[in-house]
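The values are calculated or read from the model by the stated rules, or taken from the named source; none is laboratory data. Fair warning: this is a prediction, and the values are worked out from it, not measured in the lab. Neighbour counts run over all protein chains shown; Cβ positions are idealised from the backbone, glycine included. Heads up: the accessible areas ignore ligands, DNA and RNA and are worked out on the full protein's heavy atoms, side chains in. Shrake-Rupley method; radii C 1.70, N 1.55, O 1.52, S 1.80 Å.
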Amino acid sequence: MDKAQELGALALATAEQLAGQRVGVVVAAVPDGHVGFAGAGSTEKGGSGTPGASTLFEIGSVTKTFTSLALARMAVAGTVDLDEPLARLLPEGTAVPSRGGKEITLRHLSTHTSGLPRLPKGMMLRALLRPRTPDPYAGCTPDVLLSGLARTRLDAAPGSQVRYSNLGAGLLGLALARRAGTSHEQLVTTQVCAPLAMSDTLVSAPAARPGRLAEGHDDRLRPTPPWNLADTAGAGGLWSTATDLASYVRAQLDGGGPAELTEAIRLSRQVEHRSNRFSWMHLGWTAHRLHPRQGAHLQIWHNGGPLTRIPPPRPAASPSGSRRKRTAPAPRSRLRVRRGPPG
């Protein structure tokens, strides 16, 4: 069996195993510069179409890594500074909370150290009162976000603690798009996707690619409509395919993109904020080192809509799309880059 056949068989076995718990799955295996894809299940419950490498899935919070890579690219270009206060990128007069004499910076938003709560003002209460709201972020316009921000109290001083925040990531996307004079979708396209020829990673997939979408399902595998994250798109608004995500992960692993993107990826890894003894934050990513008995691999990962895993040095399968959504306002997935043991 040659390398391509081995990868295909591995991807298919993994997809079929995962499809037993999901409606549809696409798996990409990405070791040693090779890529293999396989799909299992269907693109909608009860349907006959099998998802494939070009099927579009909501990638949820994996979007945050794209927003943070756009930040790194803009920092490399000098368009922004990582330690620039958020307030400078928002409309004049916007009230941005602070604590302990510390202002929220772009670095804080990307590493989840801003002290901001997980959700925009008022959303947690609405989620508790109406947990089955089908599109909880749809009303997050700039006016709503910024007026809520002015009334928000920080949970910790900026830069002091890691506290995961969809609100912070959404504000980062909004702020960067304002500085660039464009939308979040166009920002990510220009800064990340175009250099890697990723033409199917976008916010507007339901309108632009209606025939290639995987239908969403909740925890009970009941069909559910896609979410519109409005102006919090930087926290989780992107759709993508296994093909595009494989290109994205390969660039993260081996710097296979253009020089300016490689430099931005390097910068995103250089930034570190310790969460605890075992894990730390990069720009947009979480990292930890496994125990030596588990191989001592370095894992760099993020949760979001699908499940993606790329573990060199041995060939391994990487599920890159299985769209399931929770009814709470935080879709979940995993993008994981696993490196070999320390040399």
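Taking a spot 7 Å from the Cα of Ala259 along the direction of its beta carbon, which residues of the range 192-232 have an amide N less than 18 Å from it? What the label zone holds, given the 18 Å backbone N cut-off, is 195-196.
The Cβ shell under 11 Å around Pro85 holds other residues with a net charge of -1, Lys and Arg each +1, Asp and Glu each -1. I need the calculated FRET efficiency for the pair Ser54 and Leu128, taking r as the beta carbon distance and R₀ as 30 Å, to the nearest 0.05. Efficiency for this residue pair is about 0.20. Evaluated with a Cβ-only charge set (Lys, Arg +1; Asp, Glu -1), the range 69-116 carries a dipole of roughly 140 debye about its Cα centre, given to the nearest 20. Entry note, the range 185-237: relative contact order of 21 percent, from Cα contacts under 8 Å with a spacing of 6+ residues.
Give the shape of the range 7-138 as rounded, prolate or oblate, defined through the alpha-carbon gyration tensor: a ≥ b ≥ c are the square roots of its eigenvalues, a/c under 1.5 means rounded, and otherwise the shape is prolate if a/b is larger than b/c and oblate if not. Don't skip to the answer; put the middle values down first.
On the way: a/c = 3.30, a/b = 1.68, b/c = 1.96.
Oblate shape, in that a/c is at least 1.5 and b/c is the bigger or equal ratio.
GNM on the chain, C-alpha springs below 10 Å: top fluctuator among Thr67, Thr224, Thr201? Maximum among the listed residues: Thr224.
Electrostatic bookkeeping for Trp239 treats Lys and Arg as +1 and Asp and Glu as -1; over the other residues with beta carbon under 9 Å from its beta carbon, the sum is -1.
Could you give the longest part of the chain that holds none of the trypsin sites (Lys or Arg not before Pro) found in DSSP loops with at most 13 neighbouring Cβ atoms within 10 Å? Mind showing how you got there, number by number?
On the way: sites that count: Lys45, Arg132, Arg151, Arg153, Arg220, Arg277, Arg326.
It works out to 46-131.
Note on the chain: with a GNM built from Cα contacts shorter than 10 Å, the maximum mean-square fluctuation among Leu283, Leu69, Leu221 falls on Leu221.
Tell me, which longest segment in the chain has none of the GluC sites (Glu not before Pro) that fall in DSSP loops with at most 14 further Cβ atoms within 10 Å? Before the final figure, lay out the partial values.
Details: sites that count: Glu92, Glu272.
By the stated rule (loop sites, at most 14 other Cβ atoms within 10 Å), 93-271.
Tell me the carbon and sulfur percent of the accessible area for the chain, rounded to whole percent, probe radius 1.4 Å. Of all accessible area on the chain, carbon and sulfur atoms account for 50 percent. With Cα atoms defining each centre, the range 252-294 and the range 55-119 are spaced 17 Å apart in the structure.
Using a ≥ b ≥ c from the Cα gyration tensor of the range 159-265 (square roots of the eigenvalues), is it rounded, prolate or oblate, where a/c under 1.5 gives rounded and otherwise the larger of a/b and b/c decides, a/b for prolate?
oblate
Using the Cβ-Cβ distance between Arg178 and Ala95 with R0 = 25 Å, the FRET efficiency computed as 1/(1 + (r/R0)^6) comes to roughly 0.95.
Over the chain, DSSP H runs of length four or greater, each weighted -39,500 (n - 2.57), average out per residue to a 222 nm ellipticity of -9000 deg cm²/dmol. Taking Ala38, Ala233, Ala205 as the candidate residues, the one with maximal mean-square fluctuation in a Gaussian network model of the chain, Cα springs under 10 Å, is Ala205.
Counting only DSSP beta bridges whose two residues both lie in the chain, roughly 80 percent are antiparallel.
Just to confirm, what accessible area per residue do you get for the chain at 1.4 Å probe, in whole Å²?
Working: 14720 Å² over 343 residues.
Ligands and nucleic acids excluded, the result is 43 Å² per residue.
Axis angle, to the nearest 10 degrees, between helix 166-180 and the longest C-alpha principal axis of the chain: 80 degrees.
Approximating the spin labels as points 7 Å out from Cα along Cα→Cβ, the Ser147-to-Ala9 distance works out to 6.2 nm.
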